[in-house]
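Here's the structure, in structure tokens; my notes come after.
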Amino acid sequence: MQKKRDRLHVIYDILRTIQEKNGNIRPTHILYKSNLSHKMMAEYLAELIQKGFIVESETKNGKTYSLTDKGYDYLAKFRLIIEFQKSFGLD
Amino acid sequence: MTHVFLVPNWFFYYGIACELIFALVTLIGGIFSFKLYKLCNYYSIKVFSISFLFFSLSYIVQTLINLEILSNISEASFSLTQWNNITSLSIISFYIYISLFILGLVTLTYMTLKERNIKHYALLLVLAFAGVLLSLNKIFAFRLISAILFFFILLHFFKNYAVRKSVNSLLVMVAFFLLMMASSVYIFALQYSTAYVIGHILEFSAYLLIAINFIMLVKNAKKARQTSCNI
């Protein structure tokens, strides 16, 4: 059974999903990959936009999201935390 | 009541240099993990950083006192009073060193238990200190308790390596195995000066592996950051 994710980990998963799509992803894809309800996803996306980790763009196909430099920084720092936890068994 | 190790004359300076390196590695490790804790607020990382900072303090105290003793002995002539001062200094430094080291060791052991119960932590501390302070041979008791606690810590890192099978977890497991061996070998330093040297070599190897692990973590993080920027 998968362990319950904390808030920081959910943010990391969302940002990583966006990064994997080369920084241009639609909401439905985030919903599918991040394993969240629609309501929770909308809340997280709003928070990430407000904090400057992602930007929302309107295209002819609908909304897309991409990472900012701040988003990339967060990903790098959280990856370091995860690797640190794994190497010392702190997770 | 024994308060001294047998240290070979030729090794005294090298021993101080080693202890300085141990202090540096544990200090960097403690600060690095504390910075990570500030980013994520994870309790286990906080406890880990506190334990390493205690280790660092213990090594700093040990280094400073050894340097002080060395400077006293180096004087051309010294009196019985000065010899008594050196002995008193050694005893005081020994108690400070073992107190800080036990604090670090018990904190690290508590972290491996993966629970948040301050009573269990307090119990471990009291038992460890009682075991050392109430024994006739304090150095022997300290090294034995250290070896036992390192063994329990090693079990945690062994289990972590068995699950992950990564280079980083292997480095950490081997490092703590070497620290456990060093603690065991130091027991014999009460009678054999070679054991003091071997113990330091084992500790040096252990902290070298821990330092390599930290460097690898930072390098991989920088590499991942660069790669993600290039996408």
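What follows is calculated from the coordinates using simple rules that are stated; it is not laboratory data. All figures in this text were calculated on a predicted structure; none of them were measured in a lab. Using ideal geometry, Cβ is built from the backbone for each residue, glycine included, and neighbour counts are taken over all protein chains shown.
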| request: Please tell me the relative contact order of the range B:9-229 in percent, rounded to the nearest whole number, where contacts are Cα pairs under 8 Å and at least six residues apart. | output: 18
| field | Label-point separation in nm, B:Leu190 to B:Val126, each point 7 Å along Cα→Cβ | value | 2.6
| Inter-chain shielding of A:29-38 (mean C-beta neighbours from other protein chains, 10 Å cut-off) | 0
| Ranked packing of A:58-66, B:28-36, B:156-164, most packed first, by mean Cβ within 10 Å | B:28-36, B:156-164, A:58-66
| message | Between B:Asn72 and B:Phe34, what is the label-point separation in nm under the 7 Å Cα-to-beta-carbon projection? | response | 3.0
| task | Calculate, for A:His29 and B:Trp10, the FRET efficiency according to 1/(1 + (r/R0)^6) with r their C-beta to C-beta distance and R0 41 Å; round to the nearest 0.05. | result | 0.05
| query | Is any helix in chain B, taking whole DSSP H runs, at least 20 angstrom long along its axis by alpha carbon and on average at least 1.6 on the Kyte-Doolittle scale, and which ones? | reply | B:118-133, B:167-187
| task | Report, to the nearest 10°, how far helix A:69-88 tilts away from the longest principal axis of the Cα atoms in chain A, using its own Cα long axis and a range of 0 to 90°. | result | 20
| message | Counting just the Cα atoms, what span does the range B:9-229 cover along each of its three principal axes? Round to the nearest Å and put the largest first. | response | 67, 39, 30
| said: Could you check the spin-label model distance between A:Thr59 and A:Ser37? Points 7 Å from the Cα along Cα→Cβ, value in nm. | reply: 3.0
| query | Hey, what's the per residue convex hull volume over the C-alpha atoms of the protein assembly as shown, in cubic angstrom? | reply | 154
| field | Shielding score for B:32-39, defined as the mean number of other chain Cβ atoms within 10 Å | value | 3
| Residues of A:74-80, mean number of Cβ from any other protein chain within 10 Å of their own Cβ, rounded to a whole number? | 6
| field | Of B:Leu39, B:Ile210, B:Ser184, farthest towards positive along the dipole that unit charges on Lys, Arg, Asp, Glu beta carbons give the protein assembly as shown | value | B:Leu39
